[in-house]
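The values are calculated or read from the model by the stated rules, or taken from the named source; none is laboratory data. Keep in mind that this is a model prediction, so the values were computed, not measured. Methodologically, a virtual Cβ is constructed for each residue, glycine included, from the backbone with ideal geometry; neighbour enumeration extends over all protein chains shown. Each accessible area value is taken on the protein alone, full model and side chains, heavy atoms only, with ligands, DNA and RNA left out. Shrake-Rupley method; radii C 1.70, N 1.55, O 1.52, S 1.80 Å.
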Amino acid sequence: MAFKVKQVVFYIGLFCFIAGCATTAIKESHYREDSFVLMDSIRNSDGKTLFPVEFNDLEYTINRGEHFYNLQMINEADRYYLLAIGKAKLLREHVTLELQHRADLSIAAEEEKRKAAELADEEARKVMEARKINEEKIRLEELRRAEEARAKKALEARKRAERARAEIEKPKLTRYTVKGGESLPQIASRPEVYGDAALWPLLYKANRDQIRDPAVLWPGQVLRIPRNVEKSDLQEARQYSITRPIR
């Protein structure tokens, strides 16, 4: 009977020991899950890339907590988990600020790019306008020069016409007083005489009474100028001037 009592006591003690161990095994950390959630959120927000040294330190702290957690030293593990949570919150703030800063820089860069594009467009527009203005000036200058050239030609043509009309309308002389140094061809070439030096034989023939040598004239001589001569007389005079030129 005493032996059986001892067996019952032994098994009861064994059961209590096993139950106590089980109770210890299922004891959980208060901060373990939160520390892992924060670390994962930082990793997913590129915190590991942005702050590799700080992230590695956070990861090391959690790993230390895991070390003590696996040894069921929960209080010691929670100290590391709680420390990791503080580091994670601080690192998350840095990540948030850094991401915001980079977003601001990106927005600023886009704004600068937009302004640069607008400035380039404005400069291109100004260049095009200046080119158009310059081309218009060149076109107007060419038109002005062309108009001046036409006006000049028209003026010259008008002057020539006026001179021709004046020559036509100019009264023809019937007598001419010789000036010093003049010759019969020179006198015949004058517009008011014949306007043709080759017709000098007409003057010579009409003034044979006072001209012995057609190459010699005296200042003050008054020469008769034949008018209404026949066409044959003109041809004969030109032929004579060719065969017997005055030298």
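Name the shape class, rounded, prolate or oblate, that the alpha-carbon gyration tensor gives for region 26-71, where a ≥ b ≥ c are the square roots of its eigenvalues, rounded holds for a/c under 1.5, and otherwise prolate holds if a/b is larger than b/c and oblate otherwise. Oblate, because a/c is 1.5 or more while a/b does not exceed b/c. Adding -39500 (n - 2.57) for every DSSP H run of four residues or longer, then dividing by how many residues the chain holds, sets the calculated 222 nm ellipticity at -26000 deg cm²/dmol. Over all pairs of different C-alpha atoms in region 49-175, the reciprocal of the mean inverse distance, the Kirkwood hydrodynamic radius, equals 23.9 Å. Here the spin labels are modelled as points 7 Å beyond Cα on the Cα-Cβ line, and at Ile133 and Ala161 they lie 4.2 nm apart. Rounded to the nearest 10 degrees, the inclination of helix 2-25 to the longest alpha-carbon principal axis of the chain is 20 degrees.
Each Lys or Arg adds one and each Asp or Glu subtracts one; over the other residues with Cβ under 15 Å from the Cβ of Ala146, this totals +3. Annotation: lysines with alpha-carbon distance below 28 angstrom to Lys172 (same-chain offsets under eight excluded): Lys159, Lys205, Lys231. Between Thr174 and Glu192, full extension at 0.36 nm per residue minus the direct alpha carbon distance yields a gain of 5.6 nm. Other residues lying with their Cβ under 11 Å from the Cβ of Lys137 contribute a combined charge of 0, Lys and Arg counting +1, Asp and Glu -1. Normalised by residue count, region 112-226 yields a Cα convex hull volume of 141 Å³ per residue. Solvent-accessible surface of the chain, averaged per residue with a 1.4 angstrom probe and all protein chains in place: 74 square angstrom. Judged by the mean number of other Cβ atoms found within 10 Å, the most tightly packed of the peptides 73-85, 205-217 leads the ranking 73-85, 205-217. Measuring nothing but how far apart in sequence close Cα pairs (under 8 Å, 6+ apart) lie, relative to its length, region 136-247 scores a relative contact order of 25 percent.
Taking the longest Cα principal axis of the chain as reference, the axis of helix 231-243 is set at about 80 degrees. With both labels modelled 7 Å from their Cα along Cα-to-Cβ, the Thr243 to Lys231 distance reads 2.2 nm. Taking other residues whose beta carbon is less than 12 angstrom from the beta carbon of Asn56, and scoring Lys, Arg as +1 and Asp, Glu as -1, yields 0. If I compute solvent accessible area with a 1.4 Å probe over the protein chains, what percent of it on region 57-179 is carbon and sulfur? Carbon-and-sulfur percentage of accessible area, whole number: 57. Axis angle, to the nearest 10 degrees, between helix 32-44 and the longest C-alpha principal axis of the chain: 10 degrees.
Its alpha carbons give region 178-247 an Rg and a Dmax of 11.1, 32 Å. Its Kirkwood hydrodynamic radius, worked out from the mean inverse distance over all distinct Cα pairs, puts the chain at 31.3 Å. Counting heavy atoms of the protein chains alone, Thr243 has an accessible area of about 90 Å² for a 1.4 Å probe. Can you give the FRET efficiency for Glu123 and Leu99, using 1/(1 + (r/R0)^6), R0 = 35 Å, r = Cβ-Cβ distance, to the nearest 0.05? The formula returns an efficiency of 0.50 here.
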